Amino acid sequence: MAKPENFFVVINPTLDRHVALERAIEIANSLPVKPRIAVFIGVDATRVVDKPSNKSLYRDSGWLEREICAPLQGNDIDFDIVFSWCSSWAASVMQVAESVGATMILMRAQPTVDSFFQFNFGKWNVFKNSKCPVLLVRGEAMTKTGVVLAAVKWQTQNGEQKLLNRKILDAAKATSSWSGSQLHVVNAFRDAMSHPDRGALIRNAEVANCNIHIAQGDPTKVIGSVALGTEAELVVVGTKGHSYGSDKIHPAKLERLLSIIEVDVLVVNSK
């Protein structure tokens, strides 16, 4: 019997809709063995108006039953609920996720503002230091196009990037397996000197040649273009485990990608 997954769903109780929980239930119902879901309820103080007059800062037992418990019980999913008052939101998310053995963290991706998507420091901290993949959930229901797109950099000689490539492919293969989707792989390169080995990529990705997309250009634009062209329902990307402050160029790539596409993005790191 397959071992059940442990999903860790991050809920901001000040919001009226909880898309990460919706997606967790949607995915759970597609799996042969339903996962156990841990619901983390906490507020990132940097993302809310922290004033007594803000009515969304107050929730009662009726809200908990209606918004959290009822949807899970109605879909016959085992769950736990964790409440956090910790002011270090990102650290508490990772601490609790690790303690419950989470295999995937699901959280809402904030809407794009003025055609540009931007994360705060807390979310970057989670992406770069989480022990498991992080699924960024967009507001709409997952489009069933039957395509999962993995974005790699196969031409690298860097050991950390090689590890990241492997983790990206492993996560994408697992996702395409339970979703019944086709796996596609995209690899951008800057010039002829950095062209990736297509044969090696095909062997490692274990997909048909037509599912490999290698193109010259800016990585973000190439990934976005292929995601749109294949109508991918999910894009799997990687981020290196450097600090946000010392490596801003890499965060900008993911933020720019999320400004181009409107589907869920699964983020894995090299740790």
Do the conditions hold for A215, that is, is it assigned to a strand (DSSP E or B) and over 22 Å from the mean Cα position of the chain (by Cα)? yes
Would you point out the residue of region 106-162, among those that are basic (K, R) and under 28 Å from P35 (Cβ atoms), that is modelled with the lowest pLDDT? K144
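Only one residue in V207, V226 is among the aliphatic types (A, V, I, L, M), touching a Leu at 6+ places or on another chain (Cβ under 8 Å) and outside any loop (DSSP other than H, G, I, E, B), so which one is that?
On the way: V207 fails: outside any loop (DSSP other than H, G, I, E, B).
Every option except V226 fails the conditions.
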Looking at region 239-256, can you tell me whether even one residue there is more than 21 Å from I105 (Cβ to Cβ), buried (at least 19 other Cβ atoms within 10 Å of the Cβ) and at pLDDT 85 or above? no
Failed item in (1) modelled with pLDDT of 95 or more; (2) within 30 Å of V33 (Cβ to Cβ); (3) not aromatic (F, W, Y), with T175 passing the rest: (1)
Looking at (1) of a type outside the set (F, W, Y); (2) touching a Leu at 6+ places or on another chain (Cβ under 9 Å); (3) under 21 Å from S99 (Cα atoms), which is the one condition that is false for D50? (3)
If you take just the strands (runs of 3 or more DSSP E) that sit entirely in region 1-117, which of them hold at least 3 residues that are without any contact (Cβ under 8 Å) to a residue 24 or more places away in the chain, under 22 Å from the mean Cα position of the chain (by Cα) and loosely packed, with under 14 Cβ neighbours inside 10 Å? none
Scanning for something of a type in the set (D, E, K, R), surrounded by fewer than 14 Cβ atoms within 10 Å (Cβ to Cβ), over 30 Å from V33 (Cα atoms) and over 17 Å from the mean Cα position of the chain (by Cα), does region 178-195 turn up at least one residue? yes
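The values are calculated or read from the model by the stated rules, or taken from the named source; none is laboratory data. These numbers come from a predicted model, not from an experiment. Positions of Cβ are backbone-derived with ideal geometry, glycine not excepted, and every protein chain shown enters the neighbour counts.
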